[in-house]
Amino acid sequence: MPYQGGAGGKETAVLPVVDASQHESTPIMEPISVLGISGSLRRESRNTALLRAAQDLAPDGMKIGIATLNDLPMYNWDDEQEHGHPDSVVAFRSAIADADALLIATPEYNYSVTGALKNALDWASRGGPDAPINDKPAAILGFGGRLGTSRSQEHLRLILRHNNLQVVTSPEVLITMADQKFDDDLNLVHDRSRDQIRRLLLALEEIVRRDRVASQ
Ligand SMILES: Cc1cc2nc3c(=O)[nH]c(=O)nc-3n(C[C@H](O)[C@H](O)[C@H](O)COP(=O)(O)O)c2cc1C
């Protein structure tokens, strides 16, 4: 299938508040499924640890699963034309399609996202308007370096804009200094960081519920 990239991003700055009391028994208030994606493949990843913390901090009615990128081959247009999508890619794209929203934890490698994350997003972007990531609500967070992945997060926003994702703009969750934030078992124990993630997830929830209102 020829390349069909999305154009014109839709980052979300101001969100109309959804009044839960008016929608309690409607599809708008049904549970929200979020797919967590970590840009780090390593076992002791702090970014994957942030996703585990998010599972714990999710608001009522939100469930967060975590995808693995370790099995995804490098994207190659020739292979895609000749063999279609391998099983790992089909599973990854289905997990995205089934989720109401994405939560992406991005490390910073050489001032940008990791190759693993970019590769995964390249696979997920195939199909243009029918790509599973197209128009998906998403939130970003990251641990790393002195600036807490700010440059990586900017690059990630650009990539997501190309695919029309609706990305939470505030709060920005930029976490540094592992020793002060995680315990020896990689649990996130820093109260302010935990609170930021809580607020990030509430902002993500708001986008999903607003979309549901809009599509009623
Ligand atoms: C190839 C490579 C490049 C890196 N480049 C940067 C960088 O540009 N900026 C930064 O703050 N940290 C950089 N780092 C450090 C990572 O951000 C840090 O190791 C981080 O903990 C990785 O995330 P993880 O714990 O989830 O694997 C780099 C690490 C590697 C391996």
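The trypsin sites (Lys or Arg not before Pro) of segment 38-90 that DSSP puts in a loop, and whose beta carbon has at most 13 other beta carbons within 10 Å, are R42, R43. Taking GluC sites (Glu not before Pro) in DSSP loop states with no more than 12 other Cβ atoms inside 10 Å as exposed sites, the chain has its longest site-free stretch at 45-216. Loop sites here are chymotrypsin sites (Phe, Trp or Tyr not before Pro) outside DSSP states H, G, I, E and B with no more than 13 other Cβ atoms within 10 Å. The longest part of the chain free of them is 4-110.
What FRET efficiency comes out for E82 versus R161 if R0 is 35 angstrom and r is the Cβ-Cβ distance? Round to the nearest 0.05.
Once rounded, the FRET efficiency stands at 0.70.
Working from Cα pairs under 8 Å separated by at least six residues, relative contact order for the chain is 30 percent.
None of the figures in this text is laboratory data; all of them are computed from the coordinates on show. A quick note: this is a predicted structure, and the numbers were derived from the prediction, not measured. Glycine also receives a Cβ, built like all others from the backbone with ideal geometry; neighbour counts cover every protein chain displayed.
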